[in-house]
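Chemist: First, the structure itself, so that you have it in front of you.
Read the figures in this text as sums done on the coordinates, not as results from a lab. Since the structure is predicted, the reported quantities are computational estimates derived from the model, not experimental observations. Counting neighbours? That spans all protein chains shown, and the Cβs are built from the backbone with ideal geometry, glycine included.
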Amino acid sequence: MQEHYYSDDYIREILSSVKTIALTGASPNETRPSFSVMRFLLGQGYHVIPVNPGQARKTILGQQVYARLADIPEPIDMVDVFRNSLAVPGVVDEVLALEPLPRVIWTQLGVWDEAAARKAEAAGIQVVMNRCPAIEIPRLGMRV
């Protein structure tokens, strides 16, 4: 597994400043990590927008599901990627087509793509790979 170093200050700044999170790969299945992380983030006060083409126009945890990031009718601060590493370049391309651009792309544990991260960073987007906000928030003792 590839390791990425991010300072605690970098992670803390991101998690304390974002408010609206699009969660790609959201699942209504309570046993899936994306479901439990979405529930955690909602409980922390974030506005979480689930994205999953197979669940579009339904709801997950009371939140309207969208098929694509471009379908979300409001600005997004962060895109949390619950897809495999092979999907990351496509997600980054989808993010780069948004107006305004989100500030952050965050990929979950075990998910990374160096070239996609560099492309996002070149556009001014902060990137965190191979981390989980539901782990980082308690680890850092944050209240958001």
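Chemist: If we keep just the residues of region 77-110 that are surrounded by fewer than 24 Cβ atoms within 10 Å (Cβ to Cβ) and of a type in the set (Asp, Glu), which is farthest from the chain's Cα centre (by Cα)?
Modeler: For region 77-110, the residue satisfying everything is Glu99.
Chemist: Out of everything in region 1-32 that is of a type outside the set (D, E, K, R) and in contact with a Leu (Cβ under 8 Å, 6 or more places away or on another chain), what residue ends up being farthest from Val79 (Cα to Cα)?
Modeler: The residue in question is Ile11.
Chemist: Give region 111-144 a look and list any residue that's in a loop (DSSP other than H, G, I, E, B) and of a type in the set (Lys, Arg), or say none.
Modeler: Arg131, Arg143
Chemist: For region 116-137, how many residues are surrounded by fewer than 16 Cβ atoms within 10 Å (Cβ to Cβ), small (Gly, Ala, Ser) and out of contact with any helix residue (DSSP H, G or I) (no Cβ under 7 Å at 6 or more places or on another chain)?
Modeler: Total satisfying the criteria: 2.
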